[in-house]
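Asker: If you scroll down you'll find the structure; I have some questions about it.
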Amino acid sequence: MRVFLDTEFTELPRRAALISIGLAAENGDLFYAELSDYPAEDINPWLRDNVMPLLSGDKLPIAATVPVTAQYCCRGDRSAVAQALRQWLARFGEKNAISIWADVLAWDWLLFCDLFGGAFSIPEQVHYIPRDLSTLLWACGIDPDEQRENLGKVSIS
């Protein structure tokens, strides 16, 4: 099962902290969470203007208060979000059943693993080798910086 990952985070240096995490499985299942314990002082002007206004904040249920379902949205601290995400991923069954795909996944994958305490602690359903959509596009001779609407012609089957 391919699961597509995207994150928003405070900054690129070593202090990067998750603001939100979203996953979409190819079967239509969705997971979205906003974290409540990132350092607010690390929000730069671009994030403040372009990301923060789009967050749901208090409109989302607190992670520990709702059951994990196929279409799951929540908010909470790292521990609560990690627990909810672990439960959501467990629904996919067996070991290595999930391949994580992301667009320029260097930071997304690092923050995904860090949410669970490091690469050796990710849920067993997740294969340890992530897939990078931008690298795939380059390998197919397509510049991933071109307008994204034109990329709909690419198949990754």
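The values are calculated or read from the model by the stated rules, or taken from the named source; none is laboratory data. Since the model is a prediction, treat every value here as computed from it, not as a measurement. When we count neighbours, we look across all protein chains shown, and the Cβ atoms used for this are built from the backbone with ideal geometry, even at glycine. Accessible surface is based on the protein model in full, side chains and every heavy atom, while ligands, DNA and RNA are left aside. Shrake-Rupley method; radii C 1.70, N 1.55, O 1.52, S 1.80 Å.
Asker: At 222 nm, what helix-only mean residue ellipticity would the chain give, in deg cm²/dmol to the nearest 500, using -39500 (n - 2.57) for each DSSP H run of four or more? Don't jump to the answer; show the numbers that get you there.
Answerer: On the way: 4 runs with 36 residues, N = 157.
The per-residue figure over the chain is -6500 deg cm²/dmol.
Asker: Please identify the longest segment of the chain free of exposed trypsin sites (Lys or Arg not before Pro), where exposed means a DSSP state other than H, G, I, E or B and no more than 15 other Cβ atoms within 10 Å. Provide the component values of the computation, followed by the final result.
Answerer: Numbers: sites that count: Arg14, Arg15, Arg91, Lys95.
That gives 16-90 as the longest site-free run.
Asker: With the cut-off at 1.5 for a/c, could you classify the stretch 38-131 from its C-alpha gyration tensor as rounded, prolate or oblate? Intermediate results must be reported in sequence, preceding the final value.
Answerer: Values: a/c = 2.04, a/b = 1.32, b/c = 1.55.
In terms of gyration-tensor shape, oblate.
Asker: To the nearest 10 square angstrom, what accessible area does Ser56 show with a 1.4 Å probe?
Answerer: Using a 1.4 Å probe on the heavy atoms, I get roughly 40 Å².
Asker: Would you work out what percent of the accessible area of the chain, with all protein chains in place, is carbon or sulfur (probe 1.4 Å)? Could you put the intermediate results ahead of the total?
Answerer: On the way: 4880 of 8930 Å².
Summing carbon and sulfur atoms, their accessible area is 55 percent of the total for the chain.
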